[in-house]
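Enquirer: Have a look at the structure that comes next, please.
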Amino acid sequence: MASLKVCAHPYATAAYEYAKTDNSINQWESSLEILAAATDTPEMQAALLSVHITQIKCAELLIFTLEASSTKFKKITAITNFINLLAEAKKLSLLPLIQIEFMELKLKNDKSVVAQLVSAIPLDAKMYKNINEKLNAKLNQQVDLITKVDPSLLGGILVKIGDRVIDGSIRGQLNSLATELKR
């Protein structure tokens, strides 16, 4: 698996660098997501391993899938060329790993992250700004907060960033206390 990731990295880097200069990162991101999902199907895996189906035919099928699955997709020559390049190098099976590597590059280069801020009551502008500044400093990234009110928290806040949770709610503290008392 590690060697496949090593093989996928230069392709993902080239795609990301091109997308960055072409200002089409979002288009590449959504296209690679569709291509990775299509490549990961059992049917496509079988086609890629078949001696009766060429990689070029698989590339044509992937391009067709990309065009058919997205009404927003405009036939971008660069993405089509990229798929054909992978086909010529017999690397179409790397598309799921290329997509993961592309996303890692995007996240690494984006200095912002989206977080959900849940509070028991609506926050005023001063509290919102204070929490946002502290999160920016703690994460060393620009944090874009999406706020939500949940009265069941009783008080305090809960911050969700991807799969990380910072629980400063009274409900969370009561749950922790209950767990400790059960021991």
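The values are calculated or read from the model by the stated rules, or taken from the named source; none is laboratory data. Worth saying up front: this structure is predicted, and the values here are computed from it rather than measured. Glycine gets a Cβ as well: all are built from the backbone with ideal geometry, and neighbour counts include every protein chain shown.
Enquirer: When you scan the stretch 112-134, do you find a residue that is assigned to a loop (DSSP other than H, G, I, E, B), within 30 Å of Ile34 (Cα to Cα) and either in contact (Cβ under 8 Å) with a residue 60 or more places away in the chain or not hydrophobic (A, V, I, L, M, F, W, C) (or both), even just one? Full working, then the answer.
Expert: From the stretch 112-134, those assigned to a loop (DSSP other than H, G, I, E, B) are 120-124; that's our starting set.
Checking which are within 30 Å of Ile34 (Cα to Cα) leaves us with none.
No, the stretch 112-134 has no match at all.
Enquirer: Considering only residues of the stretch 20-35 that are free of Cβ contacts under 8 Å to residues at least 24 places away in the same chain and in a helix (DSSP H, G or I), which is nearest to Leu48 (Cα to Cα)?
Expert: Only one residue tops the list, namely Asn26.
Enquirer: Now for a separate question. In the stretch 38-47, which residues are touching a residue at least 24 places away in the same chain (Cβ under 8 Å) and either assigned to a helix (DSSP H, G or I) or surrounded by 15 or more Cβ atoms within 10 Å (Cβ to Cβ) (or both)?
Expert: Within the stretch 38-47, Ala38, Thr39, Gln45 meet the criteria.
Enquirer: Among the residues of the stretch 146-175, what is the count of those that are modelled with pLDDT under 85, surrounded by 12 or more Cβ atoms within 10 Å (Cβ to Cβ) and under 23 Å from Leu107 (Cβ atoms)?
Expert: 1
Enquirer: Continuing with this model, one more query. Surrounded by 13 or more Cβ atoms within 10 Å (Cβ to Cβ) and under 28 Å from Asn109 (Cβ atoms), is that true of Glu29? I'd like the intermediate steps shown before the answer.
Expert: Numbers: surrounded by 13 or more Cβ atoms within 10 Å (Cβ to Cβ): yes; under 28 Å from Asn109 (Cβ atoms): yes.
So Glu29 passes the test.
Enquirer: Hey, Val51 hits all of (1) free of Cβ contacts under 8 Å to residues at least 12 places away in the same chain; (2) surrounded by 12 or more Cβ atoms within 10 Å (Cβ to Cβ) but one; which does it fall short on?
Expert: (2)
Enquirer: Still on this structure, I have one more. Could you please let me know if Val143 is in a strand (DSSP E or B) and touching a helix residue (DSSP H, G or I) at 6+ places or on another chain (Cβ under 9 Å)?
Expert: On the way: in a strand (DSSP E or B): yes; touching a helix residue (DSSP H, G or I) at 6+ places or on another chain (Cβ under 9 Å): yes.
In short, yes.
Enquirer: Of Glu67, Glu104, which residue is acidic (Asp, Glu), within 14 Å of Ala15 (Cα to Cα), at pLDDT below 90 and part of a helix (DSSP H, G or I)?
Expert: Details: Glu67 fails: within 14 Å of Ala15 (Cα to Cα).
Selected residue: Glu104, the only one of Glu67, Glu104 that is acidic (Asp, Glu), within 14 Å of Ala15 (Cα to Cα), at pLDDT below 90 and part of a helix (DSSP H, G or I).
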